[in-house]
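The values are calculated or read from the model by the stated rules, or taken from the named source; none is laboratory data. Not measured: the values here are computed from a predicted model. Using ideal geometry, Cβ is built from the backbone for each residue, glycine included, and neighbour counts are taken over all protein chains shown. Accessible surface areas use protein heavy atoms only, side chains included; no ligands, DNA or RNA. Shrake-Rupley method; radii C 1.70, N 1.55, O 1.52, S 1.80 Å.
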Amino acid sequence: MGEGIGGQGKSRSILVAGAGPVGLAAALELARRGFSPRVVDDGAGPTPLEESRALGVNARTLTLLSPSGVAERIVAAAQPIEQFRVRSKEKTLVQLDTRQVRGRFSAIRALAQGHTERLLMEALATYGIAPEWQTAVVADAISDFQKPEVLLRRADGRSETVRPDILIGADGAHSVVRKALGAGFPGEALETYFYLADFRYAGPVDTHYGEVSIFDPGMVARLPVSADIIRYISTLENFENRIVHPATVAKKTWASQFRINFRHVEPMAKGNIFLAGDAAHIHSPAGARGMNLGIEDACWLAWLIAEGREQEYSALRIPAVKQVLKQTYGLTRLVTMKNPLAIAVRNLVAPLFPRFGPARRALLQSVAGYDTPRPPWIDWAE
Ligand SMILES: Cc1cc2nc3c(=O)[nH]c(=O)nc-3n(C[C@H](O)[C@H](O)[C@H](O)COP(=O)(O)OP(=O)(O)OC[C@H]3O[C@@H](n4cnc5c(N)ncnc54)[C@H](O)[C@@H]3O)c2cc1C
């Protein structure tokens, strides 16, 4: 299938609410097909480099961002995660070589979300488009879903009413656009809190692998952020005393805590209003899928708009969203188990799993993000 045929015209006005990775990816994919979307964001600028939630950029995202040239720049800047392991009581339960996935890219790399956002912004700037910062979408209730009326309010108090032909709500988990549509966000919140700390070391450290250490109860995950920063995420509040630092700590660059929710909206569109990324679905960071799935939404939506087929968006994306929610739910439950019998069974079965070829391949496919439908506009094998 070819690239966009022009659909109902490149002159359609498109407003993207939110300049996170998803809003930026949507704007970029539209811009390279000849559209001139307007992107507004409530915040003062992109995510600060040292406060980045998402790290894992998977192979599917690199496929999707290849035509714009952003994939190449991500690959040049990111840390390859060559190995992923799960350990319990000094024993390695699972070990996965992420380079074994077939295709152009290894399964997953690490790059701070703020960095990815800046690369998307640079590519967008080549089309003369820049996000309008400190510009909030204010919408209590939208009544006309075909030609939505939206109020934009700037930090200096000025406001403007716009009526775009298409409104893309990429305004994150607390999406104003989703609420203005009157859409629910059903799902559940886990009781468990997750705690996070990023440490910068005095010298380079081994960043080639990601690891989850299970303590039953509780776990600590270790992931590379950059050549000298490692992230630790845990279910234990006092997890820092479990960390075996690989070098002298120069600085704790960021710490945060969050509660995990599994929620998604259905349908993901009403009339000419479309929800993408965290505005449409949120889940645990286990598996590093959130931003990747959102970028996938954005790329599919841009392609469908260019094809004049945007009304198919929700039906095409919902199965992918459900698949990823199910997968991340399972992974999260596996590392947060409390029942001793279930723990014993898991510890017995887990080491066998990757030795079984089809199971290992399925796991790698999902780490790479290849378990959702392939983008039909990309004509090379992933
Ligand atoms: C600890 C942690 C680790 C994670 N790790 C990974 C990972 O490794 N890989 C991965 O793929 N995902 C990961 N995620 C998930 C990832 O961070 C999110 O899925 C991703 O940020 C979603 O992008 P988004 O653009 O949809 O939303 P956001 O990044 O939340 O961006 C939304 C934007 O909308 C703006 N906005 C909000 N309200 C308005 C308004 N009214 N008007 C205008 N603008 C507005 C905000 O200022 C913001 O810039 C992780 C999440 C957490 C919490």
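Tell me which residues, restricted to region 70-97, are open to solvent by less than 30 Å² (accessible area, probe 1.4 Å) and either at pLDDT below 90 or at positive phi (or both).
Residues satisfying the conditions are 86, 88, 93, 94, 96.
Go through region 164-183 and give me each residue that's open to solvent by 30 Å² or more (accessible area, probe 1.4 Å), within 26 Å of residue 10 (Cα to Cα) and within 14 Å of the ligand (Cβ to nearest atom).
Correct list: 171 only.
Checking residue 65 against (1) within 19 Å of residue 276 (Cβ to Cβ); (2) open to solvent by 40 Å² or more (accessible area, probe 1.4 Å); (3) more than 9 Å from the ligand (Cβ to nearest atom): exactly one of these is not met. Which one?
Result: residue 65 passes all but (2).
Show me the strands (runs of 3 or more DSSP E) found entirely inside region 21-109 where at least 2 residues are within 23 Å of residue 173 (Cβ to Cβ).
38-40, 56-58
Mind checking which pairs have a first residue in region 137-148 that is aromatic (Phe, Trp, Tyr) and a second that is open to solvent by 60 Å² or more (accessible area, probe 1.4 Å), Cβ under 8 Å, 6 or more apart or different chains?
Filtered contacts from region 137-148: 145/270.
Is there a residue in region 235-246 that is open to solvent by less than 10 Å² (accessible area, probe 1.4 Å) and more than 27 Å from residue 149 (Cα to Cα)? Walk me through how you get there before you give the answer.
So the first thing to find is which residues in region 235-246 are open to solvent by less than 10 Å² (accessible area, probe 1.4 Å), and the list is 239.
Next, from what is left, pick out any that are more than 27 Å from residue 149 (Cα to Cα): 239.
The answer is yes; a qualifying residue exists.
Considering region 251-283 alone, what residues qualify as being among the small types (Gly, Ala, Ser) and within 12 Å of the ligand (Cβ to nearest atom)?
255, 256, 276, 277, 279, 280
All but one of (1) within 11 Å of the ligand (Cβ to nearest atom); (2) at pLDDT below 95; (3) charged (D, E, K, R) hold for residue 231; state the number of the condition that does not hold.
(2)
Among the residues of region 159-178, which ones are more than 12 Å from residue 149 (Cα to Cα) and touching a residue at least 12 places away in the same chain (Cβ under 8 Å)?
159, 168, 169, 170, 171, 172, 173, 175, 176, 178
Between 75, 86, which is touching a residue at least 24 places away in the same chain (Cβ under 8 Å), more than 15 Å from the ligand (Cβ to nearest atom) and under 15 Å from residue 287 (Cα atoms)?
The match here is 86.
Give the residue that is nearest to the chain's Cα centre (by Cα), with candidates limited to residues of region 43-53 that are surrounded by 19 or more Cβ atoms within 10 Å (Cβ to Cβ) and at pLDDT 95 or above.
Per the stated criteria, the residue is 47.
Can you confirm whether residue 56 is crowded, with 18+ Cβ neighbours inside 10 Å and either modelled with pLDDT under 95 or touching a helix residue (DSSP H, G or I) at 6+ places or on another chain (Cβ under 9 Å) (or both)?
Considered against the rule, which asks whether it is crowded, with 18+ Cβ neighbours inside 10 Å and either modelled with pLDDT under 95 or touching a helix residue (DSSP H, G or I) at 6+ places or on another chain (Cβ under 9 Å) (or both), residue 56 comes out as yes.
Only one of these is within 12 Å of the ligand (Cβ to nearest atom), under 27 Å from residue 204 (Cα atoms) and either in contact with an Asp or Glu (Cβ under 8 Å, 6 or more places away or on another chain) or modelled with pLDDT under 95 (or both): 286, 298. Name it.
The conditions single out 286.
Check 81, 108 and return the single one that is near the ligand (Cβ under 9 Å from one of its atoms) and over 26 Å from residue 131 (Cα atoms).
That would be 108, the only listed residue that is near the ligand (Cβ under 9 Å from one of its atoms) and over 26 Å from residue 131 (Cα atoms).
Residue by residue through region 184-214, note down the ones that are in a loop (DSSP other than H, G, I, E, B), open to solvent by 30 Å² or more (accessible area, probe 1.4 Å) and touching a residue at least 60 places away in the same chain (Cβ under 8 Å). Even if it seems obvious, please write down each step before you answer.
Filtering region 184-214 down to residues in a loop (DSSP other than H, G, I, E, B) leaves 184-186, 202-208.
Next, only the ones that are open to solvent by 30 Å² or more (accessible area, probe 1.4 Å) stay: 184-186, 202, 204, 206, 208.
Scanning region 184-214 gives 184, 185, 186, 208.
Could you grab me the full set of residues in region 138-163 that are open to solvent by 50 Å² or more (accessible area, probe 1.4 Å), in contact with a strand residue (DSSP E or B) (Cβ under 7 Å, 6 or more places away or on another chain) and more than 12 Å from the ligand (Cβ to nearest atom)?
Across region 138-163, the qualifying residues are 145, 149, 159, 160, 161.
If a residue has to be surrounded by fewer than 18 Cβ atoms within 10 Å (Cβ to Cβ), in a loop (DSSP other than H, G, I, E, B) and in contact with a strand residue (DSSP E or B) (Cβ under 7 Å, 6 or more places away or on another chain) to count, how many in region 110-137 make the cut?
Adding up the residues that qualify gives 1.
If you check 259, 231, which single one turns out to be in contact (Cβ under 8 Å) with a residue 12 or more places away in the chain and open to solvent by 30 Å² or more (accessible area, probe 1.4 Å)?
259
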